[in-house]
Amino acid sequence: MQEPMLDRAAQALGEHLPWRPEILIVLGSGLGGLADSPGKGVSVDFRGIPGFPSAGVAGHAGRFIAGELEGRRVLLQAGRLHLYEGHSPALVVAPIRVAARLGVRTVVLSNAAGGIDPRLSPGDILLLDDQVNFNWRSPLTGAVLEEEDRFPDMSAPYDPELQGLALDVAAELGVPLRRGVYAGVLGPSYETPAEVRMLRALGADAVGMSTVPEVVAARSLGLRTLGLSLISNHAAGLSPEPLSHQEVMEAGKAAGETFERLVRGVLARMG
Ligand code: HPA
């Protein structure tokens, strides 16, 4: 999506909102519970926003919900656009760019991921420390957009201060929170056991099909990011069970409450 369409999309979404949002929270597979909670929420379907398609995968509703959470003006994104749906990298990150145009400076990205680190079990939450782009493409190719960097620094893709807050909140809640590296792959097939061994050898702790393009776009815009993966399954080859999307969705629902408490705690402490 190019600059004029992004501007139109931001204007259309902004007209529905009671205020300018501070924080965007992208809800991963099965983690949509927060979307039902924000006080006085306004819901805007992707289909009502110029340039946005309707999201396609089961469990992805494709809408923004604006509401106050822990006293913060929050825009929630329920439903994501994925590269594996055939969307361009630029469209996948359109929600980030639109949110930034509306004033968002902080993005919380959640996702469901397969655990590669053998210490990770389904239901665990992983605090993202870093990422590897196995999409082999970037949302930043082509013309440089307003407010973006041609060559953004990626030495701290996830904000250390927000990570610290998440660790503090987790300790307070008694939620074990591991840290690790997220490998973003294209999908949509899950990995083979050989691919998982390769990802592990290359430094990945978890693998999923989202988040990486969004973090790249967010960093290019100078937004700070917090990344949380819900480990929905052992990555291929680490368990005798075959992988299924159903399992991923169910793990999201089971851990949804913990995830919500963690995010609320971070919002409450954010400066
Ligand atoms: N691989 C890739 N994406 C995923 C997985 C996985 O094992 N689990 C949830 N999303």
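The values are calculated or read from the model by the stated rules, or taken from the named source; none is laboratory data. No experiment lies behind these values; they were computed from the predicted model shown. Heads up, the Cβs are rebuilt from the backbone with ideal geometry, glycines too, and the neighbour counts pull from every protein chain shown.
Residues satisfying the criterion are absent from the stretch 192-208 (criterion: touching a Lys or Arg at 6+ places or on another chain (Cβ under 7 Å), within 17 Å of A156 (Cβ to Cβ) and touching a residue at least 12 places away in the same chain (Cβ under 8 Å)).
When you go through (1) under 20 Å from A217 (Cα atoms); (2) surrounded by fewer than 21 Cβ atoms within 10 Å (Cβ to Cβ); (3) modelled with pLDDT under 90 one by one for P50, which number turns out not to apply? Result: P50 fails condition (3) only. Counting only residues that are closer than 13 Å to A99 by Cβ and aliphatic (A, V, I, L, M), how many does the stretch 20-39 have? Qualifying residue count for the region: 4. Residues that are within 10 Å of the ligand (Cβ to nearest atom) and closer than 17 Å to D36 by Cβ within the stretch 231-271 comprise M249, G252, listed in sequence order.
Sub-7 Å Cβ pairs linking a first residue in the stretch 78-90 that is in contact (Cβ under 8 Å) with a residue 24 or more places away in the chain and on the phi < 0 side of the Ramachandran plot to a second residue that is buried (at least 19 other Cβ atoms within 10 Å of the Cβ) and among the small types (G, A, S), at least 6 apart or interchain, are A78/G32; A78/A35; R80/A55; R80/S210; L81/A55; H82/S210, ordered by first then second residue.
Residues in the stretch 102-122 that are among the aliphatic types (A, V, I, L, M) and within 16 Å of the ligand (Cβ to nearest atom) were compared, and the one that is surrounded by the most Cβ atoms within 10 Å (Cβ to Cβ) is A113. Kindly indicate which of A99, A171, A143, A156 is surrounded by fewer than 20 Cβ atoms within 10 Å (Cβ to Cβ), within 30 Å of E15 (Cα to Cα) and more than 16 Å from the ligand (Cβ to nearest atom). When all the criteria are applied, what remains is A143. Can you tell me which residue is farthest from the ligand (Cβ to nearest atom) among those in the stretch 174-202 that are exposed (fewer than 14 other Cβ atoms within 10 Å of the Cβ) and in a helix (DSSP H, G or I)? Residue satisfying both the conditions and the ranking: A201.
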